[in-house]
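Taking it in order: structure first as structure tokens, then the write-up.
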Amino acid sequence: MVRTGGVSSNWLWWAYLITGMCTVFFYARMWRRSGALTDIGFYELRYSGKPAAFLRGFRALYLGFFFNVMIMATVTLAAIKISGVLLGLDKYTTVLVAGTITVVYSATSGLWGVVVTDLLLFVIAMVGSIAAAYYALAQPEVGGLAGLVSNPALTDKLALLPDFSDWRVAVPVIVVPLAVQWWATWYPGAEPGGGGYVAQRMLAARDEKESMRATLWFNIAHYALRPWPWILVALASISVYPTLESLGAAVPEVDPSILRHDLAYPAMLVFLPHGLLGLVVASLAAAYMSTISTHLNWGASYVVDDFYRRFLAPEESERHYVTVGRATTVGLIVLALLVSLWLENALQAFQILLQIGAGTGLIFLLRWFWWRINAWSEISAMVISFVVALWFQFGDEAAGLPSLHPSLELVIGVAITTVVWLTVTWMTQPTDRDTLQSFYDRIRPLGRGWRSVVDVGEGAEGGGAGPALACWLLGCTVVYAALFGTGYLLYGRPGPGAAFLGLSAVAAVGLFRMLPRVGFE
């Protein structure tokens with residue numbers, strides 16, 4: 001993204017901080033109260049009858065296989081490019097070695113092992129990425145931070161916000177992500193209302209308070225700590241390899257089919273001293289293993305608990321389910337490795353997944369607070385968003401129509417999907433009242449959207465909405481101000497840098513003073 005569109009293009013994923021902080025303060029405690037083993041188990045708590053059962057089984061396979069495999073394939077593609085440049089390995093050797101090592105410990109350790117190793121691997125990965133940025137800046141063509149920010153070729157790449165005088169750039173880069181994307185699209189790790197492996201960690205927390213704190217830490221680490229070392233390497237790579245041709249000339253041994261701008265990262269690592277290069281390679285392996293193990297555990301839990309155990313073999317022993325889970329883990333990694341051999345760059349998969357999830361996000365936000373949403377709402381949204389995504393991927397070209405910009409496709413997909421699922425919601429029977437009452441009694445969401453159909457009681461939750469909203473806004477301020485402040489300091493602008501970091505500190509103080517008022521059990 002940085003090489004082709006500049007630093008500001010990161011708003012395509014930075015916007016998801018709004019989703020993440022919303023999950024922290026509104027949804028983490030409700031997920032923990034549900035007591036489900038996975039977020040897919042939520043469906044038969046919230047909905048009723050055969051549609052609820054079908055939705056649970058179908059979505060377990062839909063997410064556990066399709067989405068999960070696509071994400072793992074994207075990460076494996078990164079491993080292919082890194083090992084091709086740094087280790088001289090062909091893509092087949094890479095997928096065999098990387099997949100085998102990761103699947104062995106993922107299949108044997110379970111969730112506890114994945115969580116513990118994730119924390120260690122995150123630390124190692126951060127050390128390696130910072131070292132990579134340090135030596136990238138030290139290259140003569142770059143000239144350190146001062147040379148980087150004064151390079152005329154990078155003038156249009158450094159801005160943290162897009163040029164609002166050119167709406168052809170500003171609308172897709174920041175307007176659509178901040179106005180539509182964060183609430184309307186489902187993307188693994190940034191699901192509106194929480195879900196996937198984030199929900200898995202919330203459900204596994206000791207209590208509601210730890211569920212919230214863990215999710216808060218994830219958002220701070222993901223959006224405030226991780227980005228800048230990678231951004232600096234990307235900017236430095238433009239000075240060293242300004243074009244794809246120069247990048248290809250530097251790594252002639254790499255398969256031409258995967259020569260894209262994301263190959264610049266491993267190409268910049270060749271400048272590291274050998275001992276440190278080993279550490280950085282280890283850190284990249286750590287990042288790979290951390291992500292893959294998380295997705296393998298997440299996907300296997302869907303397939304085993306929400307499909308196999310629920311519908312095919314409900315009375316087997318725990319040992320049997322563990323064995324099936326390990327077999328599923330192996331199957332998932334095999335599929336992911338095969339798909340990784342087809343992909344060409346990470347942005348390709350990112351845009352495919354965004355479009356497939358377009359329009360479904362609003363359901364995941366509202367289903368906790370509006371009783372009228374039912375299983376058919378989610379089923380119709382999944383089907384129509386997938387059909388629209390297939391059309392934009394293959395149909396318009398087959399019909400001879402011009403391709404649209406991905407952001408316009410996203411907005412159109414959101415509009416069509418939202419109209420369809422709202423129509424289906426009002427045309428189908430609501431969830432039965434006993435299920436709604438049971439769900440409300442267990443979760444105790446805000447009562448306003450439930451009063452017409454359930455007995456909310458005298459203790460209906462409502463006082464936590466104001467503090468939760470304040471924490472949401474303060475949390476976003478903490479992270480965005482820290483992100484901007486760090487960037488301005490790196491750009492050699494201490495005034496704005498100190499101001500943003502000061503704002504982040506003030507917001508953090510306000511946040512932690514407000515937290516006790518959110519309300520936990």
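In the stretch 435-444 there is at least one residue that is outside any helix (DSSP H, G or I), open to solvent by 40 Å² or more (accessible area, probe 1.4 Å) and more than 20 Å from Ser377 (Cα to Cα). Of everything listed in (1) within 21 Å of Leu489 (Cα to Cα); (2) open to solvent by 40 Å² or more (accessible area, probe 1.4 Å); (3) in contact with an Asp or Glu (Cβ under 9 Å, 6 or more places away or on another chain), the single unmet condition for Val169 is (1).
Against the list (1) closer than 20 Å to His295 by Cβ; (2) open to solvent by 10 Å² or more (accessible area, probe 1.4 Å); (3) of a type in the set (Val, Ile, Thr), the condition Thr4 fails is (1). The combined condition, being among the hydrophobic types (A, V, I, L, M, F, W, C), exposed (fewer than 15 other Cβ atoms within 10 Å of the Cβ), touching a helix residue (DSSP H, G or I) at 6+ places or on another chain (Cβ under 9 Å) and under 14 Å from Leu354 (Cα atoms), is not fulfilled by Leu401. One residue alone among Arg326, Arg319 is open to solvent by 30 Å² or more (accessible area, probe 1.4 Å), farther than 23 Å from Ile101 by Cβ and part of a helix (DSSP H, G or I), and that residue is Arg319. Filter the stretch 374-391 for residues that are closer than 12 Å to Ile352 by Cα and open to solvent by less than 30 Å² (accessible area, probe 1.4 Å); which is modelled with the lowest pLDDT? Here the residue is Ala389. Scanning the stretch 387-434 for residues that are in a helix (DSSP H, G or I) and hydroxyl-bearing (Ser, Thr, Tyr) yields a total of 5.
Assessment of the stretch 45-63 against the conditions (more than 30 Å from Pro314 (Cβ to Cβ), part of a helix (DSSP H, G or I) and open to solvent by 40 Å² or more (accessible area, probe 1.4 Å)) yields no matching residue.
Listed by position, the helices (runs of 4 or more DSSP H) inside the stretch 71-179 whose residues that are of a type in the set (Gly, Ala, Ser) and touching a residue at least 60 places away in the same chain (Cβ under 8 Å) number at least 1 are 91-137, 144-150. Scanning the stretch 347-363 for residues that are surrounded by fewer than 23 Cβ atoms within 10 Å (Cβ to Cβ) and under 24 Å from Ser34 (Cα atoms) yields a count of 1.
Residue selection: Trp11 fails the criterion of being of a type outside the set (Val, Ile, Thr), open to solvent by less than 10 Å² (accessible area, probe 1.4 Å) and out of contact with any Lys or Arg (no Cβ under 8 Å at 6 or more places or on another chain).
Being out of contact with any Gly (no Cβ under 9 Å at 6 or more places or on another chain), small (Gly, Ala, Ser) and in contact (Cβ under 8 Å) with a residue 12 or more places away in the chain narrows it down to one of Ser290, Ser301, Ser317, Ser283, so name that one. Exactly one of Ser290, Ser301, Ser317, Ser283 is out of contact with any Gly (no Cβ under 9 Å at 6 or more places or on another chain), small (Gly, Ala, Ser) and in contact (Cβ under 8 Å) with a residue 12 or more places away in the chain, namely Ser290.
Yes/no per residue for (1) over 30 Å from Val24 (Cβ atoms); (2) surrounded by fewer than 22 Cβ atoms within 10 Å (Cβ to Cβ); (3) more than 21 Å from the chain's Cα centre (by Cα); (4) not β-branched (Val, Ile, Thr):
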position: Val116; (1), (2), (3), (4): no, yes, no, no
position: Leu137; (1), (2), (3), (4): yes, yes, yes, yes
position: Val142; (1), (2), (3), (4): yes, no, yes, no
position: Ala146; (1), (2), (3), (4): yes, yes, yes, yes
position: Ala159; (1), (2), (3), (4): no, yes, yes, yes
position: Ser165; (1), (2), (3), (4): yes, yes, yes, yes
position: Ile174; (1), (2), (3), (4): no, yes, no, no
position: Pro188; (1), (2), (3), (4): no, yes, no, yes
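The values are calculated or read from the model by the stated rules, or taken from the named source; none is laboratory data. Bear in mind that the values here come from a model prediction, so they are computed numbers and not experimental data. Every residue, glycine as well, gets a Cβ built from its backbone with ideal geometry; the counts of neighbours run over all protein chains shown. These area figures cover heavy atoms from the full protein model, side chains too; ligands, DNA and RNA do not enter into them. Shrake-Rupley method; radii C 1.70, N 1.55, O 1.52, S 1.80 Å.
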